[in-house]
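Trainee: Right, I'll just put the structure down here and ask away after.
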Amino acid sequence: MDETNIIQYLSNRMSDEEKESFLSAIEQDTKLRKEFIRQKNLWAVSTSLGQGNAQKHDADYFLYKLNAKKNEAFTIQRLSGRLAAFKVAAAVLFLALIGSVAKLTMLHLAGNETPVFYTETYVPKGEKSELTLPDGTHLYINADTRVEVPSTFSETNRRLKIDGQAYFEVKHNSDSPFLVETESVNIEVLGTSFDVSCYKDDEMVTTMLDEGKIRFVGANNNKVNGTFLKPGETAYYHKSSGVFKIKATDKGHNQAAWKEGKLKFKDMPFHVLAAKIERLYNVEITMDDALKFQRYTGEIDDETVREVMNNFAIATPFDVEFSGRKIYVKSKKNYQ
C-alpha cells in the first residue's frame with residue numbers, strides 16, 4: 001500500500017474488496033495510517049476551498065495539491081461558489097474513515113447572503129496532524145483537536161475556530177490580522193508563531209508565544225481584552241473565574257514539546273496530567289478522588305503508556321490496572 005492507494009480510496013475509486021484490504025492495511029501500519037490522516041485533511045480542504053482546478057478530475061486535482069505541498073509551494077485558492085466541489089467533498093468525507101475526521105457544515109444565513117461552509121478537521125486521540133491554510137499559515141495539530149475553517153477564509157478574511165491544541169505559524173499580513181476563536185477567548189495575530197491549548201474540558205486556556213505579537217480579545221474578563229503577549233511569555237486564562245496571568249515561559253517545560261512527541265509537565269495535578277496522557281495514548285483513565293491532586297514534574301518521551309503509568313505508581317505509590325484502553329488507578333489501602 002502506498003500514496004496512490006490513499007488517493008484512490010479518497011476519490012472513491014476502489015471496489016468494496018479493495019477498500020476492505022486498504023482499511024485493514026491502515027489498522028496494521030502506523031506510518032501508513034499517519035500519512036492517510038495527513039492526506040485526508042489536505043483532500044478535505046482542497047476540495048472544499050478549491051477554485052478553478054476543482055472542475056478537473058478530483059483525484060488529479062488532489063494529487064496536484066499534494067505534490068505542490070511537497071515542493072513547499074502548497075496553496076489553496078478561495079471558494080469559487082461552485083457547489084459541485086462541496087458535493088464531491090461531502091460524498092468523500094462522509095465515508096467511514098479511520099483516523100481524523102473532516103466534514104463540511106453550512107451556516108444558513110437570512111435573505112440572499114451567501115451561505116458559509118465550514119471544513120472541520122478532527123485529529124483523534126493518539127494522533128497528530130498538520131494543515132496549511134490558503135494564506136500560507138501552517139498548523140501543527142495535536143490529538144483530540146477540532147479546527148473549523150470557513151469557506152469565506154481568504155488573505156483578507158483570516159479566521160478559524162479551534163477546540164484543542166495547535167501550534168500556529170501565521171503568515172504575516174499587516175493589513176489583515178489572523179483571528180483564532182476559542183470557546184472563551186479569542187487571539188488576534190499579525191505574523192506569529194505560538195501554541196494555544198484550549199480544550200473544552202480543560203479549565204485553563206494556555207497560550208505560549210515564540211515569535212511576533214498577539215492580542216487577546218472577546219474574553220468575559222474585560223481586563224484580558226486588549227492585552228498583548230510578547231515572545232518568551234505564556235498566558236494562562238482560567239475560564240470559570242476569569243483569572244488571567246502572564247508568566248515567562250519555562251523553557252524546560254515547553255508546552256509545545258508535543259510536536260516532537262514529548263509531554264513535559266511541572267507541578268501538574270494528576271487529573272490534569274491524566275487528561276493529557278489520555279489524548280497522547282488514546283486511553284481512558286479512571287482514578288480515585290484522593291489521587292487527583294497529587295502533583296508531578298517530569299517528561300514523557302517515547303515510552304509506552306504502561307511504562308508511564310507504572311513509573312507514576314512507583315512514585316506515589318498507587319495500584320494500576322490495565323484493561324484494553326481503560327486504565328484504573330487506585331490508592332494503596334495499606335500505604336501511609
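The values are calculated or read from the model by the stated rules, or taken from the named source; none is laboratory data. It should be emphasised that the depicted structure is a prediction, and the values quoted were computed from it without experimental measurement. All Cβ positions, glycine included, derive from the backbone under ideal geometry; neighbour counts span all protein chains shown.
Trainee: If you take the residues of the stretch 226-245 that are assigned to a loop (DSSP other than H, G, I, E, B) and surrounded by 16 or more Cβ atoms within 10 Å (Cβ to Cβ), which of them is nearest to the chain's Cα centre (by Cα)?
Mentor: Looking at residues that are assigned to a loop (DSSP other than H, G, I, E, B) and surrounded by 16 or more Cβ atoms within 10 Å (Cβ to Cβ), I get Lys239.
Trainee: Can you tell me how many residues within the stretch 302-316 are surrounded by 12 or more Cβ atoms within 10 Å (Cβ to Cβ) and of a type in the set (D, E, K, R)?
Mentor: Here the count works out to 2.
Trainee: May I pose another question? Say we look at the stretch 188-204 and pick out the residues that are at pLDDT below 95 and β-branched (Val, Ile, Thr); which of these is farthest from Asp175 (Cα to Cα)?
Mentor: Thr192
Conditions tested, residue by residue: (1) closer than 21 Å to Asp144 by Cβ; (2) of a type in the set (S, T, N, Q).
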| position | (1), (2) |
| --- | --- |
| Val180 | yes, no |
| Leu209 | no, no |
| Val217 | no, no |
| Asn220 | no, yes |
| Thr227 | no, yes |
| Phe244 | no, no |
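Trainee: Of the conditions (1) assigned to a loop (DSSP other than H, G, I, E, B); (2) surrounded by 14 or more Cβ atoms within 10 Å (Cβ to Cβ), Lys200 fails just one. Which one is it?
Mentor: With respect to (1) assigned to a loop (DSSP other than H, G, I, E, B); (2) surrounded by 14 or more Cβ atoms within 10 Å (Cβ to Cβ), Lys200 is out only on (2).
Trainee: I would also like to ask the following. Anything in the stretch 282-308 that is aliphatic (A, V, I, L, M) and either assigned to a loop (DSSP other than H, G, I, E, B) or without any contact (Cβ under 8 Å) to a residue 24 or more places away in the chain (or both)? List them, or say none.
Mentor: Val283
Trainee: Scanning the stretch 126-147 for residues that are more than 10 Å from the chain's Cα centre (by Cα) and of a type outside the set (Val, Ile, Thr), which turns out farthest from Phe168 (Cα to Cα)?
Mentor: For the stretch 126-147, the residue satisfying everything is Gly126.
Trainee: Let me ask you something else. Which of the residues that make up the stretch 177-210 are of a type in the set (D, E, K, R) and either farther than 18 Å from Gln255 by Cα or more than 20 Å from the chain's Cα centre (by Cα) (or both)?
Mentor: Result: Glu181, Glu183, Glu188.
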